[in-house]
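Worksheet: the structure to be examined is printed underneath.
The values are calculated or read from the model by the stated rules, or taken from the named source; none is laboratory data. This one's a predicted model, so the numbers in the text were calculated from it and none came from an experiment. Please note: Cβ atoms are built from the backbone with ideal geometry, for glycine as well, and neighbour counts cover all protein chains shown. Remember, those area values only see protein heavy atoms, side chains included, never the ligands or the DNA or RNA. Shrake-Rupley method; radii C 1.70, N 1.55, O 1.52, S 1.80 Å.
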Amino acid sequence: MITANRYFREVFGHKMYKASISLDVTCPNRDGNKGTGGCIFCSEGGSGEFSASGSSVLEQIQKAVSQVRAKAGDNAGYIAYFQSFTNTYCLPGYLEKALSEASSVEGIEALSIATRPDCLGPEILEVLSCQAKKMPLFVELGLQTASDETAEFINRCYKTSEYVEAVKALKEIGANVITHIIFGLPGETRGMMMDTVKLAVDSGSDGYKFTCLYVLENTPLEKLYRDNKVEILGMEEYFDIVEEALGLLPENAVVHRFTGDGPKKILIAPEWTKNKRLVVNYINRRFGL
Ligand code: SF4
């Protein structure tokens, strides 16, 4: 396993920062196409509460890069990060224009797109394929669990087999696939969590983003949590699971995230994720980073 920082330094020769952009997209799991209400843990912002706002992709990315550059200095590169909702749930022409605008901004050296495995039709794959030939392309897939039963409970609204097919198709066009996995989903045993990691590894995922299940305001998960129907992992317990998961990854797997931290303004639990410095120090100490 290698950390994202080390991987980016090896590939790009310097530190890489993310510049987040919001596209005018929603999610098929919210607009009724696949489901309504979204995944039970997902907030109204579609997991993109940290994105910059602006009227066009070009404006957003320029603003985001200049803000980060003010802190990072000149010896750094930037990844245009399409984070909110399902960024391939749109017309291929719209995506093509957005990617090409983002990649034209000075300092942008890679693109990263968060999406769902069931939103990668042939025309969208063609757009991504063209882009992957010009610049490194990361595609983040929200798997969360390999269990179709849990997936149904969390209202993911796609089958795990669709994830497996999507990874294959993305690898064929030269994309680098990052898989999102949540530990602590309702009803999941440790064995089930490890099965999710194994499935992602066997599918050929290049990178991983792990997070503990966290509860945000105004989500279906909030109600379950308030009704005591969901248990949230403690810090030690969560990182014990992460440690076991790391043991299942191949040597060249890149870990982009050891845990997530929900937007503080709407984060209800777990409390421990609110103290970011404490969590980062703990991760560095425990995993020798
Ligand atoms: S697929 Fe992603 S954006 Fe859509 S509801 Fe689920 S977590 Fe939210």
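Per-structure values
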{"read-out": "Subset of segment 133-160 that is of a type in the set (Gly, Ala, Ser) and either open to solvent by 10 Å² or more (accessible area, probe 1.4 Å) or modelled with pLDDT under 95 (or both) - its residue that is nearest to the ligand (Cβ to nearest atom)", "value": "Gly142"}
{"read-out": "Any hit, segment 22-30, residues being closer than 28 Å to Asp206 by Cα, open to solvent by 60 Å² or more (accessible area, probe 1.4 Å), modelled with pLDDT of 90 or more and within 14 Å of the ligand (Cβ to nearest atom)", "value": "no"}
{"read-out": "Selection count, segment 176-196, where residues are within 15 Å of the chain's Cα centre (by Cα) and of a type in the set (A, V, I, L, M, F, W, C)", "value": "5"}
{"read-out": "Every residue from segment 161-187 that is more than 18 Å from Gly247 (Cβ to Cβ), open to solvent by less than 40 Å² (accessible area, probe 1.4 Å) and not in a helix (DSSP H, G or I)", "value": "Ile173, Ala175, Asn176, Val177, Ile178, His180, Ile182, Gly184, Leu185, Pro186"}
{"read-out": "Close pairs from segment 228-255: first more than 18 Å from Ile268 (Cβ to Cβ) and open to solvent by 10 Å² or more (accessible area, probe 1.4 Å), partner in a loop (DSSP other than H, G, I, E, B) and modelled with pLDDT under 95, Cβ under 6 Å, at least 6 apart", "value": "Leu246/Met1; Leu249/Met1"}
{"read-out": "Residue selected from segment 95-120 under the condition open to solvent by less than 30 Å² (accessible area, probe 1.4 Å) and farther than 17 Å from Val57 by Cβ, by the criterion nearest to the ligand (Cβ to nearest atom)", "value": "Arg116"}
